[in-house]
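K.L.:
Let me begin by handing over the structure; questions about it come next.
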Amino acid sequence: MRPSVRRSTISIFFIALLCVCAAAPIVLISFFWQFSLSLEQKEFIGGSSGIVKNLSHWQSVDYLNSIEQEISDEIKEPDGFLYQDGGASVDKLERNSSSDIPTDSGSTNVVFTSPSRRSGGGAGAQEHHPTSSNGVMRGGNARPLMDEKIRYMEDQIITARALHFVQPSSNSHLVRELKLRIKEIESVISHASKDSDLHGSALQKMKAMENTLSKANKAYPDCSAMASKLRAMSYSTEEQLRAQMNQVSYLIQLASRTFSKGFHCLTMKLTTEYFALPPEKRQLPYSHKFQKPDFYHYAIFSDNILACAVVVNSTIVNSMELEKIVFHVVTDSLNFPAMTMWFLMNPPSKATIQVLNMNEFEWLSSNYGLTFKQHGVSDPRYTSPLNHLRFRLPKFFPSLNKILVLDHDVVVQKDLRRLWNVDMGDKVIGVVETCTNDLSSPSLKMLINFNDSTIARSFNANACVWAFGMNIFDLKAWRKKNLTKVLNKWLQVGRRKQLWKAGSLPLGQLVFYNHTVVLDRRWHLPGLGEDSTLSNLDIQRAAVIHYSGLMKPWLEIGIPKYRRHWNKFLQYQNPYLQQCNIHPF
């Protein structure tokens, strides 16, 4: 009996062991399969929202909890310093050092400093890092950004939009719920530009959206559909951004061509005053100095009264031997009376000024401006005759040997007399080159059409481009080389086919090719009307700073931090400027 029982027990044991061995792999495979699916789904949903910012678990739970705590505490101010208007403390902790807080003149800075930063200090404390709302930084300690809640809700909207388009039809109730949550969040943030503007119900709506997203996360079936939707959303956003950038470019160009009411008012008032004068009092003094070849002669081609005033004033302030300086301002017939009246009322100290009307020169044809027009180009910066009159300098000033041409959007910061002593050899024009060692540096092929065989044979496509704006001209060498004939030749060729971009600069590269003397870069710094990254050191060292580009300092679109260099040479207390409401921006 006993051997039989023992054999039966052993048999049962082996059968049970076999069952366990057979079932264990199935259980383990099922467990790991479910775990990997869950992990993949969580990672994907978190990554999709992370296109703008990662909506991970610590952010969705801890962040909402911290907001709730903040609301329960009646949104108390952060514990720390509040610096305002360039770092001035508004609480009793003002005595602590704030030298590590960067400020920007002309703007209001509000910086919250946490207790950890008070003890740390130093330059290293200035780095910006993403933070959670409870003050725990990813890798350190810092206070939350002021618009953290709004950005969080924007991330929720992006995630919800991607999800509700790819949900299966069986989850139509979830799609409707997502649409409802999107409308709620959009309604909240449409009335708020910062967190302090948010309504008290914002937290509840954020929590409701988070719950809906959690349900969508669990029901989400297909990662590839989500990826396709996000790609489509990204492409659509890029197209919208491109359209907005084109619109901004158009509006900036429109603003750059438009004078304010104040400028028109000033022109009208000065014109009225000019014609009210007797003819004998309309003449500017010292006319006997206009053609003296041993004086320092400056030429300005412009229809902008205030811009010319700044050029003249800045040159005088920074120059010696004022009695030997002669300014020749060339304008059109419409602005000639106002320009003359301005300098009659505001004479340039001991210097001499002459205002010329381009329409009074018989050798200049009435359709001169049409000579430089190109098909499809209507921007007056490129088609204005005043911009191209520099190519007729020997005709304008037949008795002069050298002349310095200044664009009306420059400010002179140093004495320029040394330019008349530059040894130019047999060259015609002194220039500052704009090319650098950078591969993206401008070269001649960017301005000239080298697909044309005539151009390709005559010029080097990689030749360095130089700038107009401040140029010394040797008029004797110009006449000797007969460059006016070269100009006319290229104009004839350019009528048949478009060989260069619009404007006077590309044409100047052709006419004065191999006739240039390269000056030190400190003589002329262009770019203040388009490049906001120029260093203060370069600006201070430059003899002439040039607001080349669309953002002129007399326009609202001008770069604010560069305006002071221009504004200080204009007397805004002038009664005519006051009457026409012309004030510094």
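The values are calculated or read from the model by the stated rules, or taken from the named source; none is laboratory data. Note that this is a predicted model, so its numbers are computed, not measured. Every residue, glycine among them, receives a Cβ derived from its backbone with ideal geometry; neighbour counts consider all protein chains shown. With ligands, DNA and RNA removed, areas are computed over all heavy atoms of the protein, side chains included. Shrake-Rupley method; radii C 1.70, N 1.55, O 1.52, S 1.80 Å.
Yes/no matrix, rows are residues, columns are (1) open to solvent by less than 10 Å² (accessible area, probe 1.4 Å); (2) closer than 21 Å to LEU406 by Cβ; (3) among the charged types (D, E, K, R):
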site	(1), (2), (3)
SER260	no, no, no
LEU270	yes, no, no
PHE275	no, no, no
ILE325	yes, yes, no
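K.L.:
Please go through the stretch 525-539 and give me each residue that is farther than 24 Å from SER260 by Cα and either touching a residue at least 40 places away in the same chain (Cβ under 8 Å) or buried (at least 22 other Cβ atoms within 10 Å of the Cβ) (or both), ordered by number. Working first, answer last.
P.N.:
Residues of the stretch 525-539 that are farther than 24 Å from SER260 by Cα, as a first pass: 525-526, 533-539.
Scanning the stretch 525-539 gives LEU525, PRO526.
Residues are listed down the side, and each one gets a yes or a no for (1) without any contact (Cβ under 8 Å) to a residue 12 or more places away in the chain; (2) in a loop (DSSP other than H, G, I, E, B); (3) hydrophobic (A, V, I, L, M, F, W, C):
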residue: VAL411; (1), (2), (3): no, no, yes
residue: LEU419; (1), (2), (3): no, no, yes
residue: ASP426; (1), (2), (3): no, yes, no
residue: GLY430; (1), (2), (3): no, no, no
residue: THR436; (1), (2), (3): yes, yes, no
residue: ALA461; (1), (2), (3): no, yes, yes
residue: GLY469; (1), (2), (3): no, no, no
residue: PHE473; (1), (2), (3): no, no, yes
residue: ARG479; (1), (2), (3): no, no, no
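K.L.:
Counting only residues that are in contact (Cβ under 8 Å) with a residue 60 or more places away in the chain, more than 36 Å from the chain's Cα centre (by Cα) and outside any strand (DSSP E or B), how many does the stretch 396-409 have?
P.N.:
To start, the set of residues in the stretch 396-409 that are in contact (Cβ under 8 Å) with a residue 60 or more places away in the chain comprises 396-397, 399-409.
With the extra rule that they be more than 36 Å from the chain's Cα centre (by Cα), the set shrinks to 396-397, 399-402.
Checking which are outside any strand (DSSP E or B) leaves us with 396-397, 399-401.
Residues in the stretch 396-409 being in contact (Cβ under 8 Å) with a residue 60 or more places away in the chain, more than 36 Å from the chain's Cα centre (by Cα) and outside any strand (DSSP E or B): 5 in total.
K.L.:
Yes or no: ARG457 exposed (fewer than 15 other Cβ atoms within 10 Å of the Cβ), modelled with pLDDT under 95 and part of a helix (DSSP H, G or I)?
P.N.:
Yes, satisfied.
K.L.:
Now, a different point. Residues in the stretch 550-562 that are open to solvent by less than 20 Å² (accessible area, probe 1.4 Å) and not aliphatic (A, V, I, L, M): how many?
P.N.:
3
K.L.:
Then there is this: Out of all the residues in the stretch 312-323, which are surrounded by 17 or more Cβ atoms within 10 Å (Cβ to Cβ), β-branched (Val, Ile, Thr) and touching a residue at least 40 places away in the same chain (Cβ under 8 Å)?
P.N.:
Of the stretch 312-323, the ones surrounded by 17 or more Cβ atoms within 10 Å (Cβ to Cβ) are 312-316, 319.
Filter once more, keeping what is β-branched (Val, Ile, Thr): 312, 315-316.
Correct list: VAL312, THR315.
K.L.:
Just checking: which of the helices (runs of 4 or more DSSP H) contained wholly in the stretch 491-585 hold 2 or more residues that are more than 20 Å from VAL311 (Cβ to Cβ) and of a type in the set (A, V, I, L, M, F, W, C)? Walk me through it before giving the result.
P.N.:
On the way: elements: 504-511, 536-541, 560-567, 575-579.
Qualifying helices (runs of 4 or more DSSP H): 504-511.
K.L.:
Taking only the stretch 512-524 into account, find how many residues are more than 14 Å from VAL465 (Cβ to Cβ) and in contact (Cβ under 8 Å) with a residue 40 or more places away in the chain.
P.N.:
5
K.L.:
Residue pairs, Cβ under 6 Å, 6 or more apart or interchain, first in the stretch 277-302 and under 16 Å from ASN346 (Cβ atoms), second open to solvent by 30 Å² or more (accessible area, probe 1.4 Å). List them.
P.N.:
From residues that are under 16 Å from ASN346 (Cβ atoms), the pairs are ILE300/HIS408; SER302/HIS408.
K.L.:
Does ARG522 count as among the basic types (Lys, Arg) and within 31 Å of the chain's Cα centre (by Cα)?
P.N.:
Working: among the basic types (Lys, Arg): yes; within 31 Å of the chain's Cα centre (by Cα): yes.
It is true that ARG522 is among the basic types (Lys, Arg) and within 31 Å of the chain's Cα centre (by Cα).
K.L.:
Ok, one more. Looking only at the stretch 508-524, count how many residues are under 17 Å from VAL422 (Cα atoms) and open to solvent by less than 70 Å² (accessible area, probe 1.4 Å). Give the derivation first.
P.N.:
Of all residues in the stretch 508-524, those under 17 Å from VAL422 (Cα atoms) come to 515-524.
Then drop every residue that is not open to solvent by less than 70 Å² (accessible area, probe 1.4 Å), which leaves 515-517, 519, 523-524.
The qualifying residues number 6.
K.L.:
Among the residues of the stretch 473-488, is there at least one that is within 24 Å of the chain's Cα centre (by Cα) and either hydroxyl-bearing (Ser, Thr, Tyr) or surrounded by 20 or more Cβ atoms within 10 Å (Cβ to Cβ) (or both)?
P.N.:
Step one: list which residues in the stretch 473-488 are within 24 Å of the chain's Cα centre (by Cα), which gives none.
No; the residues of the stretch 473-488 include none that is within 24 Å of the chain's Cα centre (by Cα) and either hydroxyl-bearing (Ser, Thr, Tyr) or surrounded by 20 or more Cβ atoms within 10 Å (Cβ to Cβ) (or both).
K.L.:
Is there a residue being at pLDDT 95 or above, open to solvent by less than 50 Å² (accessible area, probe 1.4 Å), part of a helix (DSSP H, G or I) and farther than 18 Å from ASN357 by Cα anywhere in the stretch 292-311?
P.N.:
Taking every residue of the stretch 292-311 in turn, at least one turns out to be at pLDDT 95 or above, open to solvent by less than 50 Å² (accessible area, probe 1.4 Å), part of a helix (DSSP H, G or I) and farther than 18 Å from ASN357 by Cα.
K.L.:
Given PHE468, PHE396, which one is open to solvent by less than 30 Å² (accessible area, probe 1.4 Å), at pLDDT 90 or above, under 15 Å from GLN509 (Cα atoms) and of a type in the set (Phe, Trp, Tyr)?
P.N.:
Details: PHE396 fails: under 15 Å from GLN509 (Cα atoms).
Exactly one of PHE468, PHE396 is open to solvent by less than 30 Å² (accessible area, probe 1.4 Å), at pLDDT 90 or above, under 15 Å from GLN509 (Cα atoms) and of a type in the set (Phe, Trp, Tyr), namely PHE468.
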